[in-house]
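Step one of this worksheet: look at the structure below.
The values are calculated or read from the model by the stated rules, or taken from the named source; none is laboratory data. This structure is a prediction, so every number in the text was calculated from the model and none was measured. Glycine gets a Cβ as well: all are built from the backbone with ideal geometry, and neighbour counts include every protein chain shown.
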Amino acid sequence: MTTMKAAVVPELGAGLEIRELAVPEPGPGQVLVKIEASGLCHTDIHAAHGDWPVKPKPPFIPGHEGVGVVAATGPGTTLHKPGDRVAIAWLGSACGHCRYCVSGWETLCEAQRNSGYSVDGSYAEYAVADDHYVVDVPDGISPLDAAPLTCAGVTTFKAVKVAGLRPGETASIVGIGGLGHLAVQYAHALGARVIAVDVEDAKLDLARSLGADLTVNARSTDPVRAIADYGGADVAIVTAASPRTFEQAYASLRRGGRLSCVGLPADDTITISVFDTVLNGKQVSGSIVGTRNDLADVFALHAAGRTKVIAEPRHLEEVNSCFEEVLAGHVPARLVFTF
């Protein structure tokens, strides 16, 4: 029996265990992917800790930023063949026929299955995935870059689209980490003025190097006042995981402004003014990852040299210390497990 190395959540809240498991067999309509790289998303930590109302069932393998090469295919597989380079994203599969799927909102499908949450993910040397829901990775994009783009990239790309950001507007990006550093670039590429908000000067320096016009350290400066002094924001995209940051971002909007909620804090309640929302014509919306087509666009932009991924490679055996690094805020942008 062929075995593989995988990081497994044995119980919610427990440290991950590196185990030797049998390499899974691809079923009908599935592909077996030999993983080259898998990014560490904060969602993986929430999954392992059981932070959210709908909890994954242990034992399970996290990971939804998996990039690798198709090693084998199951019966009835028609879209991919061995040797193809593909990405395994959060949307592991969807029904394909509900009103959301057929209208371009497959990420809202109520029958969806999510990689590394409801099905085993890519923190392993091999993973099985749905042939129809893996996304082709263009030649020339390294696994180290492609992995973060598979979630951090497509999530912020979609948030910029959902917020309706237009050239010449001002966008506030709150939280300059794995997601935020890409959001800065998408907003900048669209022709917006970009404000980056974080509590670490090093991350703000990174944002400035990636196109931010103004940076605000929310630890030493009131971000609402600083953004108001700049003229206010038309759009605020919040990738941070603190309710307070959402409230500050909302308060920093000018009339007609749009708040796009992306981060998912464990304490998930925010307080906003109904009068402010109505009288100033503000909008609040949620943006959940992106579709297969969105991810294809993200890869195409990167292949064209429009974005830069800031990532550091790690070994899978370091998974628990990597979780600690992310929670402590010591990571410049993204950590990626390489195989």
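Quick check: is even one residue across the stretch 72-80 modelled with pLDDT under 95 and either under 24 Å from L144 (Cα atoms) or in contact with a helix residue (DSSP H, G or I) (Cβ under 7 Å, 6 or more places away or on another chain) (or both)?
Within the stretch 72-80 (the criterion being modelled with pLDDT under 95 and either under 24 Å from L144 (Cα atoms) or in contact with a helix residue (DSSP H, G or I) (Cβ under 7 Å, 6 or more places away or on another chain) (or both)), the answer is no, since none of the residues qualifies.
Quick check on P143: is it closer than 30 Å to K34 by Cα and modelled with pLDDT of 95 or more?
Here the answer is yes, as P143 does meet what is asked.
Of everything in the stretch 166-191 that's surrounded by fewer than 24 Cβ atoms within 10 Å (Cβ to Cβ) and of a type outside the set (K, R), which residue is nearest to Q248 (Cα to Cα)?
Taking the candidates together, the pick is E169.
Run down G27, G13 and say which single residue is at positive phi and assigned by TED's automatic domain parsing to the domain that holds V128.
Values: G27 fails: at positive phi.
Selected residue: G13, the only one of G27, G13 that is at positive phi and assigned by TED's automatic domain parsing to the domain that holds V128.
If G231 satisfies all but one of (1) touching a residue at least 24 places away in the same chain (Cβ under 8 Å); (2) under 25 Å from the mean Cα position of the chain (by Cα), what's the number of the condition it fails?
Result: G231 passes all but (2).
Would you confirm whether or not the stretch 14-37 contains a residue that is at pLDDT 95 or above, under 24 Å from D294 (Cα atoms), touching a helix residue (DSSP H, G or I) at 6+ places or on another chain (Cβ under 7 Å) and surrounded by 13 or more Cβ atoms within 10 Å (Cβ to Cβ)?
The answer is yes; a qualifying residue exists.
Just the residues that are in a loop (DSSP other than H, G, I, E, B) and surrounded by 19 or more Cβ atoms within 10 Å (Cβ to Cβ), please, taken from the stretch 289-320.
V289, G290, T291, T307, V309, I310
Looking for something among the charged types (D, E, K, R), surrounded by fewer than 23 Cβ atoms within 10 Å (Cβ to Cβ), at pLDDT below 95 and in a loop (DSSP other than H, G, I, E, B) - is there at least one such residue anywhere in the stretch 43-54? Steps first, answer last, please.
Residues of the stretch 43-54 that are among the charged types (D, E, K, R), as a first pass: 44, 51.
Those left that are additionally surrounded by fewer than 23 Cβ atoms within 10 Å (Cβ to Cβ): 51.
Subset that is at pLDDT below 95: 51.
Filter once more, so that each one left must be in a loop (DSSP other than H, G, I, E, B): 51.
So far as the stretch 43-54 goes, yes, one or more of its residues are among the charged types (D, E, K, R), surrounded by fewer than 23 Cβ atoms within 10 Å (Cβ to Cβ), at pLDDT below 95 and in a loop (DSSP other than H, G, I, E, B).
With respect to S220, determine if the residue is at negative phi and buried (at least 18 other Cβ atoms within 10 Å of the Cβ).
For S220, the condition - at negative phi and buried (at least 18 other Cβ atoms within 10 Å of the Cβ) - is not met.
Go through (1) free of Cβ contacts under 8 Å to residues at least 40 places away in the same chain; (2) under 23 Å from the mean Cα position of the chain (by Cα); (3) farther than 23 Å from G281 by Cα and name the single condition D222 misses.
(2)
What is the residue count in the stretch 55-84 for residues that are polar (S, T, N, Q) and buried (at least 19 other Cβ atoms within 10 Å of the Cβ)?
Summing the residues that are polar (S, T, N, Q) and buried (at least 19 other Cβ atoms within 10 Å of the Cβ) in the stretch 55-84 gives 2.
Any residue in the stretch 238-247 that is loosely packed, with under 15 Cβ neighbours inside 10 Å, of a type outside the set (D, E) and in contact with a strand residue (DSSP E or B) (Cβ under 6 Å, 6 or more places away or on another chain)?
Looking through the stretch 238-247, none of the residues is loosely packed, with under 15 Cβ neighbours inside 10 Å, of a type outside the set (D, E) and in contact with a strand residue (DSSP E or B) (Cβ under 6 Å, 6 or more places away or on another chain).
Select from the stretch 244-274 the residues that are over 14 Å from G286 (Cβ atoms) and in a helix (DSSP H, G or I) and list them in ascending order.
R244, T245, E247, Q248, A251, V274, listed by residue number.
Restricting to the stretch 109-129, what's the tally of residues that are touching a residue at least 40 places away in the same chain (Cβ under 8 Å), of a type in the set (S, T, N, Q) and assigned to a loop (DSSP other than H, G, I, E, B)?
Result for the stretch 109-129: 2.
Can you name every residue in the stretch 134-162 that is assigned to a loop (DSSP other than H, G, I, E, B) and buried (at least 24 other Cβ atoms within 10 Å of the Cβ)?
Scanning the stretch 134-162 gives V134, V137.
Restricting to the stretch 81-108, name every residue that is among the small types (G, A, S), in contact (Cβ under 8 Å) with a residue 40 or more places away in the chain and out of contact with any helix residue (DSSP H, G or I) (no Cβ under 9 Å at 6 or more places or on another chain).
G92, S93
If we keep just the residues of the stretch 219-269 that are touching a Leu at 6+ places or on another chain (Cβ under 6 Å) and of a type in the set (S, T, Y), which is nearest to Y186 (Cα to Cα)?
Only one residue tops the list, namely T239.
Working carefully through the options V326, V336, find the one that is in contact (Cβ under 8 Å) with a residue 40 or more places away in the chain, under 16 Å from the mean Cα position of the chain (by Cα) and in a helix (DSSP H, G or I).
Criteria check complete, one pass: V326.
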